[in-house]
Amino acid sequence: EAITVQELANRMAERGGEVVKTLMKMGVMATITQTIDADTAELVVEEFGHRAHRVSDEDIEVGLKREDEDETDLQARPPVITVMGHVDHGKTSLLDALRKSDVAGGEAGGITQHIGAYQVEVEGGQRLTFIDTPGHAAFTDMRARGATVTDVVILVVAADDGIMAQTVEAISHAKAAGVPIVVAINKIDKPGADPNRVMTELLQHNLVPESMGGDIICVPVSALSREGLPDLIESILLQAELLDLKANPGRPAEGTVIEARLEQGRGSVATVLVQRGTLRVGDIFVAGSESGRVRALINDRGERVEEAGPSVPVEVLGLTGTPDAGEDFVVVEDDARAREVASFRAERKKRAQQAATAKGRGSLEQMLSRIKEGEAANLPLVIKSDVHGSLEAILSSLDKLSTEEVRAHVLHSGVGGINESDITLARATGALVIAFNVRANAQARELAKRDGVEIRYYSIIYNVIDDVKAALSGMLEPEQ
Ligand code: GDP
């Protein structure tokens, strides 16, 4: 006993009736509400051309993307590149410089629209697609939603500054995603530039440059003088060639939402990166839990186009609502199917949120109960306050609370509102977030809600201490 026919149909985003028919062909008589075993479910999933993944004997996960591509239908596609690196090391400048490397623009003026991604054609006719939002926050946010759009990461390191905190973060994010890194050692025009120092520093992060016998391509460049840019482009194309990137343009489009917004007079507009197939005006689609019909497609030059193939970013008009960046975009055969898939997605999103909330709350609860059982010796905290004075007072009082057995462990403290980074840290560590006379910004609140991180608001120091004391003795009641 594993899964009902309806649930299986939902997971595959197929019609229930079709699943019943397929089961019949396989000699299994079942109605939509009946349960079938995991082996049968797996066969059905494969029959529909989806990917089946057994989570356990009882449960089965369905990869919505079909893997029914015929080798002969596959054609080479341009690489998709994300630029990462420390603030002020030149990510934006480099993206601008690369944008100007486009030779296809001609008199039309080239890439003019900032739609979240752009494609350039370089000497020799090859094309490259760049994601226009630099930084690992956007990259990891998309990954968190299951989207893998980036084929190659350009890690920008300023030659006069070297590897900094966010460089290291970017390296971790790229490594976690298993995406190859090409290092652009930027600002070599500056007097203090020292590319060799950057390469030596890379070694400390297990990135061994080619010139030192490793496999990491490092290219000295200047986004300002454009020196080295052709080398950088060539290196990316080389890296892409090794990846043997291919897609079938001759099928209904699938892709990922790069960004989406509500625009006056245009309605909901989404930039979609097509990953397989070809997207056309008139296509009916589902984007996240929104659906629609393509009214118009607009490319990165601001021109209306009729279609967009693999690795092409394009603005899509005709959505009924605004999906999230990182959500997937799939063309389906008709309106009924679009609505069905969209409502299933909406339901799944709700369930995932509930699950995350339950999990997050659980982790704080678990933490508290482990403290109570004497298994945990630390209560992790993230504390933000409006002024230094209060923060100092809270920290020193907390210090005094600690006993031999348990102590409050402040992972991060500072003056200012609760931001996304605070929540990410709390999520990763099961910490309680304390907001003293400060608020959480909208993104942080949403993230906390999504991931079930608990933020507690205070305006009296005594109450903070009291609650932490309760938590340390395992007596704190979670807020509802
Ligand atoms: P981001 O924060 O990583 O996006 O960095 P920006 O692209 O905004 O660049 C930060 C500063 O460095 C700006 O003042 C740029 O003009 C400057 N900059 C970027 N690239 C270069 C370069 O190759 N040479 C020099 N001299 N300055 C650069």
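Readers should treat all values here as calculations from the given coordinates under stated rules, not as data from a laboratory. Just so it is clear, the model here is predicted, and its values are computed rather than measured. Here the Cβ positions follow ideal geometry from the backbone for every residue, glycine too, while neighbour counts run over all protein chains shown.
Annotations
- Kirkwood Rh and Cα Rg combined as Rg over Rh, evaluated for the stretch 147-234: 0.95
- Label-point separation in nm, Arg339 to Leu401, each point 7 Å along Cα→Cβ: 5.4
- Per principal axis, descending, Cα span of the stretch 372-471 in whole Å: 38, 30, 18
- Neighbour counting of Cβ atoms within 10 Å sorts the residues Tyr457, Tyr462, Tyr118, fewest neighbours leading, into Tyr462, Tyr457, Tyr118.
- Each of Leu243, Leu317 was scored by other Cβ atoms within 10 Å of its Cβ. Listed from fewest to most, they are Leu243, Leu317.
- Projected label points at Asp215 and Val28, each 7 Å from Cα along the beta carbon direction, are separated by 4.1 nanometres.
- Note on Ser459 and Lys175: with the Förster distance fixed at 51 Å, the Cβ-Cβ geometry gives a FRET efficiency of about 0.75.
- Distance violations [Cα-Cα > 20 Å] among Lys400/Lys449; Lys372/Lys449; Lys384/Lys449; Lys100/Lys187: Lys400/Lys449; Lys372/Lys449
- Extension gain for Thr35-Thr200 works out to 53.4 nm (0.36 nm per residue, less the C-alpha to C-alpha distance).
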